[in-house]
Amino acid sequence: MTEKFRKVFGGGKPVIAMVHLGALPGAPLHDAERGLEGLVDDARQDLTALQAAGVDAVMFGNENDRPYEFTADTASTATMAYVIGRLRALIAVPFGVNVLWDPMSTMALAAATGAAFVREIFTGHYASDMGPWTPDAGRAVRYRNRLGRSDLALLYNVSAEFAWSLDRRSLPDRARSAVFSSIPDAVLVSGAITGEPAELSDLLAVKNVLPDTPVLANTGVRHETVGDVLHVADGCIVGSALKVDGHTWNPVDPARAAEFMRLARAARGG
C-alpha cells in the first residue's frame with residue numbers, strides 16, 4: 001500500500017461514496033430555476049446521508065454534466081469549488097474531487113478546496129463518446145506540484161468508461177506500466193459506463209500484477225457483490241447502488257447506504 005493512500009484512507013479497504021453534483025451552469029441539463037442553491041441543497045442532503053451511513057470517504061463529481069468535455073468549462077470548476085466550499089464545515093471524512101474528464105481542472109479544484117485525493121483518467125489512448133482521448137499525466141502531475149499539493153493522492157482509472165482503449169496491451173500490462181511510469185497512489189478498474197460493474201476477473205488480474213499498489217473497483221459495485229469485490233480489491237468507489245432505487249441520477253437513499261456499509265463492514269471483518 002502506498003504511503004499517501006494509507007495516510008488518506010488508513011489501513012483498511014475504503015468505501016468511497018460519490019456525491020454526484022447536479023448539472024452545473026452551462027451544462028445542457030442544468031436547472032437554472034433552482035440555481036446554485038439547488039446544487040448546494042442536493043449535495044448537502046447526499047453528503048449528510050452518506051456520512052450517517054458510515055462511508056469511509058466521499059468524492060464530489062460532475063457526472064451530470066453530460067455530454068462530458070476534455071477541457072472543462074471554467075464555470076464548472078468554479079461552481080464545484082463554490083458548492084464544496086459551502087459544505088466544507090460539514091465534511092467529516094476524507095474527500096476527493098473529479099472534474100470529468102479534465103485532469104488539469106481536477107488538480108485545480110483539489111488545490112482550491114483542500115481535497116485529499118483525486119480520481120481521473122491520467123494515462124492511455126482511447127476512442128470515446130467524446131472523441132479521441134489522450135490524457136497527459138506528466139503535465140497534470142507537474143501542475144499538482146506547482147500548486148503546492150505534492151501530498152495529493154492520485155487515483156488512476158486505467159479502464160475508462162464511455163471509451164475503448166486503442167492500446168493493444170492487456171489491461172494488467174497497461175496498469176503495470178502506468179504504475180511504473182506515472183507513480184499513482186491507487187489504480188481503479190471500471191466497467192463500460194457509470195453504474196456498470198468491473199469484471200472480477202479484471203480486478204483480480206490487475207491485482208495479481210500490482211501486489212503492492214492499491215487496486216479499487218471504480219464502478220458498479222452493488223449490495224449483492226460488495227463482499228466478492230472486497231475479497232479481491234483494496235476498496236471501492238460506489239455511487240449508483242446507494243441511490244433511491246439504485247438509479248445513478250436519484251438522490252442518496254439513507255437506508256440503502258446504511259445497508260451497503262453494513263455489508264461492506266462484514267466483508268472487511270467488522
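For the ranges 115-126, 32-43, 80-91, 48-59, what's the packing order if you count other beta-carbon atoms within 10 Å of each residue, average per peptide, and put the highest first?
Result, highest mean Cβ count within 10 Å first: 115-126, 48-59, 80-91, 32-43.
Hey, any idea what Rg/Rh is for the stretch 23-182, computing Rh the Kirkwood way over Cα pairs?
Taking Rg over the Kirkwood Rh, I get 0.97.
Distance between the C-alpha centers of the stretch 193-210 and the stretch 69-139? Whole Å please.
Here the two parts' Cα centres lie 23 Å apart.
How large is ³J(HN,Hα), in whole Hz, for each residue of the stretch 244-256 in order, when computed from phi with the Karplus curve 6.51 cos²θ - 1.76 cosθ + 1.60 and θ = phi - 60°, using x for Gly and Pro?
Per residue, the Karplus-derived 3J(HN,Hα) values read 3, 6, x, 9, 3, 8, 8, x, 5, 9, x, 5, 5 Hz.
Could you tell me what % of all Cα pairs in the stretch 135-270 have separations over 24 Å?
36 percent
Go ahead and collect, in residue order, the members of the stretch 104-141 whose backbone nitrogen is under 18 Å from a label point 7 Å along the Cα-Cβ direction of Lys7.
107-108, 110-119, 141
For the stretch 104-181, build the convex hull from the C-alpha positions and give me its volume per residue in Å³.
Given the Cα convex hull of the stretch 104-181, per-residue volume reads 91 Å³.
Throughout, read-outs are computed from the coordinates displayed, never taken from laboratory work. What you see is a predicted model; the values in this text were computed from it and never measured. We place every Cβ from the backbone using ideal geometry, glycine too, and count neighbours over all the protein chains shown.
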